[in-house]
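Below you'll find the structure I mean.
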């Protein structure tokens with residue numbers, strides 16, 4: 001028989017301190033209470049308190065100073081890709097700007113990862129992306145019949161992280177893994193309206209097909225459109241009075257850079273596909 005395990009005292013202390021920082025419990029002083037006071041408040045030993053402070057310092061939330069105390073750092077210093085930090089932000093409310101910022105980050109980062117995947121990905125990685133797209137569409141069909149929304153989100157995350165990995169760019173691969181928790185929170189937020197999840201399926205298929213055939217230009221543009229759709233919908237729904245960062249790609253010159261590499265890119269992708277198929 002499996003028993004539900006209670007969180008450890010350390011986990012409890014970490015959650016209380018981290019959640020308190022995010023909710024602004026120490027904004028008035030900008031400092032944590034004294035160590036001995038924290039021990040009494042949280043029912044923990046000095047060892048546990050010190051370890052929690054050390055971990056929160058690594059997350060960019062605290063800065064211990066000798067003979068001064070532990071300074072609470074502003075939100076601009078927090079590690080926003082840290083799972084605990086993100087969860088504390090979501091629990092505290094007011095996370096809408098983080099969703100907006102993450103979508104704008106994806107608009108910059110993800111289309112180029114798709115472009116590179118179309119150029120560089122091995123045949124197996126291309127097939128895997130297409131299969132993950134099939135699984136995503138099947139998961140959405142089950143969702144429409146009352147199936148698990150969480151399972152559909154899992155398939156969506158697997159699809160996007162597979163593209164980051166297939167880009168054969170080590171930084172993109174690392175960032176893809178790093179942002180997976182934020183991606184989950186964002187997808188959960190932006191697909192909350194009924195049937196919103198299904199809107200982007202055709203663009204997922206377009207991206208997968210472009211990568212499979214080595215069409216880097218199309219992979220870039222379909223990926224941009226795929227991220228832009230939830231971004232624009234979220235901005236209109238949550239920030240109706242704010243301007244939308246709706247970049248005209250031709251105006252900012254991105255396709256000119258892509259077009260400049262198109263001929264050589266297609267040759268490289270064609271050579272890659274031929275070599276993998278040999």
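Tell me, which helices (runs of 4 or more DSSP H) lie completely within the range 27-136 with 1 or more residues that are at pLDDT below 95?
83-92, 96-120
Also, I was wondering about something else. Name the residues in the range 201-225 that are in contact with a helix residue (DSSP H, G or I) (Cβ under 7 Å, 6 or more places away or on another chain) and surrounded by fewer than 22 Cβ atoms within 10 Å (Cβ to Cβ), would you?
The answer is 201, 203, 205, 206, 212, 215, 217, 218, 225.
List pairs: first residue in the range 119-132 and more than 14 Å from residue 165 (Cβ to Cβ) and in the same structural domain as residue 161 (by TED's automatic domain parsing), second residue at pLDDT 95 or above and surrounded by fewer than 21 Cβ atoms within 10 Å (Cβ to Cβ) anywhere in the structure, Cβ distance under 6 angstrom, at least six positions apart or on different chains.
Note: pairs meeting the criteria are 130/212.
Turning to a different aspect of this structure: Here are the criteria: (1) farther than 30 Å from residue 157 by Cβ; (2) surrounded by 13 or more Cβ atoms within 10 Å (Cβ to Cβ); (3) touching a helix residue (DSSP H, G or I) at 6+ places or on another chain (Cβ under 7 Å). Tell me which single one residue 46 does not satisfy.
Unmet for residue 46, out of (1) farther than 30 Å from residue 157 by Cβ; (2) surrounded by 13 or more Cβ atoms within 10 Å (Cβ to Cβ); (3) touching a helix residue (DSSP H, G or I) at 6+ places or on another chain (Cβ under 7 Å): (2).
Being modelled with pLDDT under 60, surrounded by fewer than 14 Cβ atoms within 10 Å (Cβ to Cβ) and under 22 Å from residue 121 (Cα atoms) is the requirement here; does residue 267 meet it?
Yes: the conditions hold for residue 267.
Then there's this: Being within 27 Å of the chain's Cα centre (by Cα) and outside the structural domain of residue 168 (by TED's automatic domain parsing) is the requirement here; does residue 58 meet it?
Yes, satisfied.
Take the range 164-184 and flag every residue that is in a helix (DSSP H, G or I), touching a residue at least 24 places away in the same chain (Cβ under 8 Å) and either under 9 Å from the mean Cα position of the chain (by Cα) or over 16 Å from residue 105 (Cα atoms) (or both).
If the condition is that a residue be in a helix (DSSP H, G or I), touching a residue at least 24 places away in the same chain (Cβ under 8 Å) and either under 9 Å from the mean Cα position of the chain (by Cα) or over 16 Å from residue 105 (Cα atoms) (or both), then 165, 166, 175, 176, 178, 181, 182, 183, 184 are the ones that fit.
The values are calculated or read from the model by the stated rules, or taken from the named source; none is laboratory data. Note that this is a predicted model, so its numbers are computed, not measured. Cβ atoms come from the backbone with ideal geometry, glycine included; neighbour counts cover every protein chain shown.
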